[in-house]
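The values are calculated or read from the model by the stated rules, or taken from the named source; none is laboratory data. What you see is a predicted model; the values in this text were computed from it and never measured. Cβ sites come from the backbone with ideal geometry, for glycine too, and all protein chains shown count toward neighbours. For accessibility, only protein heavy atoms count, side chains too; no ligands or nucleic acids. Shrake-Rupley method; radii C 1.70, N 1.55, O 1.52, S 1.80 Å.
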Amino acid sequence: MQAIVVKGAPAEPLLVWEEAADIGYGSEEALVAVQATAVNRADLSQARGHYPPPPGASKILGLEMAGVIVALGDAVVDWRIGDRVCALLPGGGYAEYAAAPQGMLLRLPEAWSFAMGAAVPEVWYTAFVNLFLEGNLQPGETVLIHAGASGVGTAAIQLARAAGATVFVTAGAEEKLARCRTLGAALAVNYKKQDFLEAVLAATDGAGVDLILDPVGGAYLDRNVRALRPFGRLVNIGLLGGGPGEMNVALLLRKRLRIVGSTLRNRPLAEKIAITRQFRERFWPLLVAGELQPVIDRVFPIIEAQAAHAYVLQNRNVGKVILAVA
Ligand SMILES: NC(=O)c1ccc[n+]([C@@H]2O[C@H](COP(=O)([O-])OP(=O)(O)OC[C@H]3O[C@@H](n4cnc5c(N)ncnc54)[C@H](OP(=O)(O)O)[C@@H]3O)[C@@H](O)[C@H]2O)c1
């Protein structure tokens, strides 16, 4: 099969669409002819040698895909050859074919493009897991979502609104802030022009927010802790602003805060299947009905994966950057 092969020096990886080893599939897996996959920040790190796939996962880039089932393992029930599906993957999406366990598959609505399917698994599951399972977001609470216009952010805004929460976001460009407001953000702060802590405290009469979803990391730690109200939760999901950070532990005690770190990719398969099931039950119907929508910025042909990575690295996207495989 054809797949993206990473060449060149780690500092400047070259993504080349060329012949790669064919893949097999297990008795509980479907083999899918990939029609679309999507770019994630993890792919940029993996291409630079920083984020190796978990043991046993494909070494090919790509954490999600949408396509058509072309073969089934003996133990697969409920799925048929020809079904249009999408799935979260631990790797292997940037390829003509990918294998996915039956419990990880979502059935694409007829009206959906493959690009829409490929825009869902990684960022919608990440937003779902960290807002609700890790962050315990409740109706009536207020959540601050950093990088609000990112793939994860655009999903998180919609999920939090659907759950009856008030959403604050930060982003670094006016057009991004406008998109976040359209998606449902009540407060959108340009962190390059205004201190987000001041903005959050001003908007809450000094009280702060209940939950923060943070992909920035160390650089925001101190202000995040100060922006939380008593019993607040900080869920760290990324290191865009680096790992090391400082904070006043006294605030942690006094406000009885919780700080959680979370990744999706390294979780055991059984956990990911449970996440897929919970998401399918609670929020997938809202996506199918069009009440929530995957946000797609651009679609690049897979042979232009290199340009797609550069586009994401330059922070130019609002929502997802898709790679069309067929
Ligand atoms: N833990 C997990 O399970 C998990 C899963 C998926 C993704 N993630 C993480 O979640 C984050 C978002 O992923 P994504 O694919 O949705 O990203 P994305 O669409 O590529 O968007 C990331 C955005 O973050 C902002 N940003 C970049 N560097 C920043 C910095 N130093 N400080 C503040 N903002 C910065 C930029 O927007 P502005 O123009 O607004 O600055 C950029 O466009 C990434 O860190 C990713 O690694 C974690």
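For Ala199, state whether it is of a type in the set (A, V, I, L, M), in a helix (DSSP H, G or I) and without any contact (Cβ under 8 Å) to a residue 40 or more places away in the chain.
Details: of a type in the set (A, V, I, L, M): yes; in a helix (DSSP H, G or I): yes; without any contact (Cβ under 8 Å) to a residue 40 or more places away in the chain: yes.
Taking the combined requirement at face value, the residue satisfies it.
So Val249 fits all but one of (1) in contact with a Ser or Thr (Cβ under 9 Å, 6 or more places away or on another chain); (2) open to solvent by 20 Å² or more (accessible area, probe 1.4 Å); what number is the exception? Checking Val249 against (1) in contact with a Ser or Thr (Cβ under 9 Å, 6 or more places away or on another chain); (2) open to solvent by 20 Å² or more (accessible area, probe 1.4 Å), the one that fails is (1). The residue pairs whose first member lies in region 228-241 and is under 11 Å from Gly208 (Cβ atoms) and aliphatic (A, V, I, L, M), whose second member is away from the ligand (no atom under 16 Å from the Cβ) and at pLDDT 95 or above, and whose beta carbons are closer than 6 Å, counting only pairs six or more residues apart or on different chains, are Leu228/Gly208; Leu228/Leu257. What's the total number of residues in region 65-83 that are surrounded by fewer than 19 Cβ atoms within 10 Å (Cβ to Cβ) and not aromatic (Phe, Trp, Tyr)? Residues meeting the conditions: 12. Sub-7 Å Cβ pairs linking a first residue in region 137-152 that is modelled with pLDDT of 95 or more and near the ligand (Cβ under 10 Å from one of its atoms) to a second residue that is open to solvent by 10 Å² or more (accessible area, probe 1.4 Å) and among the polar types (S, T, N, Q), at least 6 apart or interchain, are Val152/Thr126, ordered by first then second residue.
In region 210-258, what residues are within 18 Å of Glu198 (Cα to Cα), touching a strand residue (DSSP E or B) at 6+ places or on another chain (Cβ under 9 Å) and of a type in the set (Lys, Arg)?
Step one: list which residues in region 210-258 are within 18 Å of Glu198 (Cα to Cα), which gives 210-214, 216, 219-230, 232, 234, 247-248, 251.
Then keep just the ones that are touching a strand residue (DSSP E or B) at 6+ places or on another chain (Cβ under 9 Å); that gives 210-214, 216, 220-221, 224-225, 227-229, 232, 234, 247, 251.
Answer for region 210-258, where residues must be within 18 Å of Glu198 (Cα to Cα), touching a strand residue (DSSP E or B) at 6+ places or on another chain (Cβ under 9 Å) and of a type in the set (Lys, Arg): just Arg229.
So, Ala202, is that one under 16 Å from Thr170 (Cβ atoms) and open to solvent by 70 Å² or more (accessible area, probe 1.4 Å) or not?
On the way: under 16 Å from Thr170 (Cβ atoms): yes; open to solvent by 70 Å² or more (accessible area, probe 1.4 Å): yes.
Yes: the conditions hold for Ala202.
Okay, residues lined up against (1) in contact with a Pro (Cβ under 9 Å, 6 or more places away or on another chain); (2) surrounded by 18 or more Cβ atoms within 10 Å (Cβ to Cβ):
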| position | (1), (2) |
| --- | --- |
| Arg256 | yes, no |
| Thr263 | no, no |
| Ala270 | no, no |
| Ala274 | no, no |
| Pro285 | no, no |
| Ile296 | no, yes |
| Glu304 | no, no |
| Ala307 | no, no |
| Arg316 | no, no |
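Is there a residue in region 31-39 that is within 13 Å of the ligand (Cβ to nearest atom), modelled with pLDDT of 95 or more, farther than 16 Å from Tyr97 by Cβ and crowded, with 22+ Cβ neighbours inside 10 Å? Looking through region 31-39, at least one residue is within 13 Å of the ligand (Cβ to nearest atom), modelled with pLDDT of 95 or more, farther than 16 Å from Tyr97 by Cβ and crowded, with 22+ Cβ neighbours inside 10 Å.
Residues of region 156-171 that are of a type in the set (A, V, I, L, M) and under 24 Å from Lys192 (Cβ atoms): Ala156, Ile157, Ala160, Val167, Val169, Ala171.
Please count how many residues of region 311-326 are more than 11 Å from the ligand (Cβ to nearest atom), in a loop (DSSP other than H, G, I, E, B) and either at pLDDT 95 or above or within 18 Å of the chain's Cα centre (by Cα) (or both).
Matching residues across region 311-326 total 1.
Looking at this structure, is Val200 more than 9 Å from the ligand (Cβ to nearest atom) and over 30 Å from Gln278 (Cα atoms)? Don't jump to the end; show me each part of the working.
Details: more than 9 Å from the ligand (Cβ to nearest atom): yes; over 30 Å from Gln278 (Cα atoms): yes.
Answer is yes for this residue.
Among the residues of region 281-314, those that are out of contact with any Phe, Trp or Tyr (no Cβ under 8 Å at 6 or more places or on another chain) and under 17 Å from Ala47 (Cβ atoms) comprise Glu304, Gln306, His309, Ala310, Val312, Leu313, Gln314. Is it the case that region 120-128 has a residue that's open to solvent by less than 30 Å² (accessible area, probe 1.4 Å), in contact (Cβ under 8 Å) with a residue 24 or more places away in the chain, more than 16 Å from the ligand (Cβ to nearest atom) and in contact with a helix residue (DSSP H, G or I) (Cβ under 9 Å, 6 or more places away or on another chain)? No: zero hits. As for region 167-186, it holds at least one residue that is within 10 Å of the ligand (Cβ to nearest atom), without any contact (Cβ under 8 Å) to a residue 60 or more places away in the chain and part of a helix (DSSP H, G or I). Considering only residues in region 44-64 that are among the small types (Gly, Ala, Ser) and within 18 Å of the chain's Cα centre (by Cα), the one that is most open to solvent (accessible area, probe 1.4 Å) turns out to be Ser45.
Taken together, the residues in region 212-228 that are open to solvent by 30 Å² or more (accessible area, probe 1.4 Å) and either more than 24 Å from Thr154 (Cα to Cα) or hydroxyl-bearing (Ser, Thr, Tyr) (or both) amount to 2.
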